[in-house]
Amino acid sequence: MTESRQDPRLVELELKARSDATTAVHELRLLIADEPLNIPAYRTLAKALGQLERDSATGGQLRTTVQAFDHPLMRASDALAAGDLETAEKILRERLIQRPTDVNALILMARLLRDLAYYDACEQLLRLALEFQPQFNGGRLDLASELQRQNRPLEAIAELDRILEREPANRAAQSIKAQALSRGARYNESIALYEKLLQEAPRDATLWSNYGHVLKTVGRSEEGRRAMRTAIEIAPASGSAWWNLSNLKVADFSDEDLRQMEAAVRDPDVSVENRFHLHFALGKALEDAGEFEPAFRHYEAGNALRRQSLDYDPADVTTEVDELCAMFDGQFFREREGWGDPSSEPVFVLGMPRAGSTLVEQILASHSAIEGTMELLNLSAVARDAGRAERNFLELLASFPAEQFAAMGAQYLDETKSFRIEGKPRFIDKMPNNWLMAPLIHLMLPNAKIIDARRHPMACGFSNFKQHFVFGQAFSYDLEWFGRYYGDYVRLMEHMDRMLPGRVHRVIHEELVREPEQEIRSLLDYLELPFEEACLRFHETKRAVKTPSSEQVRRPMNLAGLDHWRNFEQWLGPLRRALGDVVDSYPDAPLFRP
């Protein structure tokens with residue numbers, strides 16, 4: 001449930017508390033016991049307990065803090081640390097049923113929900129804890145970290161600034177803020193803050209690694225390499241530093257580098273996170289050396305370790321695409337023609353990760369009328385606010401009036417303003433996974449442009465398999481999962497082509513590389529913009545690029561990498577089988593029919 005929609009049960013129980021608080025408290029406790037993720041119920045229970053306290057004048061039934069050494073919460077914390085989530089959940093649920101304003105219990109429950117990948121519920125609980133105790137900086141730091149993990153940097157920065165107003169020297173808040181500034185495209189501020197922190201803590205390997213990553217993003221690759229080398233000197237088993245270094249084209253791994261990484265990945269004391277980063281870095285180093293089988297084995301091991309922390313089922317995406325195709329037919333679109341916000345400013349570049357979308361963005365951002373931003377999460381946020389997390393979201397969409405789609409489009413435009421710093425007429429939203437929301441884009445922004453960046457499924461699949469992403473992209477850590485995901489993407493895009501011919505412009509990566517001027521002219525014609533020579537010289541455009549392709553788009557196009565995946569073809573059987581007809585039909589789509 002989302003907090004934007006009031007549960008009628010809670011409204012009724014809140015009213016009941018005014019006349020019969022005891023019964024309301026009892027019923028709310030039963031409700032929470034049955035629905036532990038019903039976050040608004042905790043708030044309603046707190047209000048009901050407050051009413052009961054006022055009615056009975058007992059004092060003490062409504063406690064907002066606990067003693068420093070609280071046995072149940074210590075047991076819950078120990079269970080969380082040991083990975084015994086079931087025990088922790090039982091203790092914390094019982095605690096919160098009795099004391100819904102216990103901030104420490106709320107924070108621990110939020111951490112539990114985060115570990116279980118209930119991210120929306122985690123965020124709601126953290127916000128609830130801060131309603132009860134706004135000065136609790138530890139809880140606010142947890143909230144900022146969660147917003148950062150969800151790639152919502154501007155919101156994270158706002159929470160961190162509130163902490164730093166009270167505690168200017170809070171290093172944890174400063175460190176997270178440096179990361180958030182980078183994700184929010186405030187690179188100069190991020191670099192300055194990292195340099196300040198490194199003056200104070202010159203032996204902090206994580207700071208050096210993160211600093212190097214920001215330098216790479218803004219094109220200062222050699223400085224980035226030196227920063228990452230410093231991180232490795234301080235902490236030779238730092239998987240993230242080795243992985244960041246492997247993503248730099250200026251990286252040149254020596255035999256000693258390989259020996260160090262091999263020793264670290266075999267060390268049982270090295271954490272799982274460091275080990276899977278090391279496997280990916282070793283895979284890249286060995287691939288660059290032409291040792292393809294050992295490289296693949298490291299990619300395979302890194303992916304296997306990464307999958308251990310994922311709760312992903314490819315059938316969920318298949319079901320979602322089935323429902324989207326069934327709902328958004330030609331009649332549905334015709335009945336809503338012209339709805340939404342009329343703006344033509346957004347240009348959505350979507351598709352698969354590692355399919356050439358960064359190249360398309362760099363080409364377009366070289367045009368005088370188009371600003372490149374970053375992989376924005378604002379579309380997902382608008383959909384979430386409209387109820388996307390609810391099971392009946394498509395039914396809700398079907399009931400929305402024209403004004404609601406227009407409001408969603410206006411909300412998106414308003415929330416993306418902060419990323420538009422150049423004042424150009426058009427801007428790019430390059431979030432690949434927005435393909436799942438292509439029908440919604442059309443409804444809320446009917447004049448926005450939609451570009452589908454597509455790459456050969458085998459090349460794209462292998463490129464995803466060997467890439468460790470900072471967040472999301474769970475489908476990429478298994479060859480079969482990726483094959484099914486790619487197939488569902490092709491199916492939805494083919495459906496859009498049939499329902500709304502010409503609405504989506506497709507850029508085939510291989511054709512763009514072979515015939516750049518022809519493809520760029522076609523792309524600009526779709527955008528109704530004149531051709532500019534700067535788009536052919538995209539590699540000369542100076543701008544920050546955050547994706548793994550940042551180094552590639554700073555060089556002219558070449559054909560060298562198109563068939564590189566064939567060096568690994570003998571080990572990609574699960575990907576080929578999962579893709580099926582999608583491979584044989586490429587660059588066209590198979591004939592999907594309902």
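Numbers at a glance
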item: Listed residue (T358, A263, A178) projecting farthest to the positive dipole end of the chain, Cβ model; result: A178
item: The stretch 237-285, dipole about Cα centre (Lys/Arg Cβ +1, Asp/Glu Cβ -1), debye to the nearest 20; result: 200 debye
item: Cα centroid of the stretch 240-300 to Cα centroid of the stretch 318-372, whole Å; result: 36 Å
item: Which of A304, V317, S399, positive extreme of dipole for the chain (C-beta unit charges); result: A304
item: Carbon + sulfur, % of accessible area of the stretch 463-506 - ligands and nucleic acids excluded, 1.4 Å; result: 53 percent
item: Cα-Cα over 23 Å, subset of K417/K449; K177/K449; K417/K466; K424/K449; result: K177/K449; K417/K466
item: Angle in degrees between helix 516-526 and the longest Cα principal axis of the chain, rounded to the nearest 10; result: 50 degrees
item: Distant-in-sequence amide H partners of R506 (H built 1.01 Å from N, under 5 Å); result: D452
item: Percent accessible area from carbon and sulfur atoms, the stretch 390-448, protein chains only, probe 1.4 Å; result: 52 percent
item: FRET efficiency, 1/(1 + (r/R0)^6) with R0 45 Å, evaluated for A117 and A534 via beta carbons; result: 0.55
item: Accessible area per residue, Å², the chain with all protein chains present, probe 1.4 Å; result: 43 Å²
item: Vicinal HN-Hα couplings computed from phi for the stretch 308-314 (Karplus, 6.51 cos²θ - 1.76 cosθ + 1.60; Hz; Gly/Pro x); result: 4, 9, 10, 10, 10, 10, x
item: Helix axis angle, 187-200 relative to the chain longest principal axis, alpha carbon, degrees; result: 70 degrees
item: Percent RCO, i.e. relative contact order, over the chain, from Cα pairs under 8 Å lying at least 6 residues apart; result: 11 percent
item: Nearest-0.05 FRET efficiency for E273 and E12, computed from C-beta distance (R0 56 Å); result: 0.75
item: Assigned charges on the beta-carbon of Lys, Arg, Asp, Glu; the chain dipole about Cα centre (debye); result: 940 debye
item: Candidate values (1) 1.12; (2) 0.98; (3) 1.01, label of the one derived for Rg/Rh (Cα atoms, Kirkwood Rh); result: (2)
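The values are calculated or read from the model by the stated rules, or taken from the named source; none is laboratory data. These figures come from a predicted structure and were not determined experimentally. Please note: Cβ atoms are built from the backbone with ideal geometry, for glycine as well, and neighbour counts cover all protein chains shown. Ligands, DNA and RNA are stripped out before the accessible areas are found, and what is left, the full protein with its side chains, is counted by its heavy atoms. Shrake-Rupley method; radii C 1.70, N 1.55, O 1.52, S 1.80 Å.
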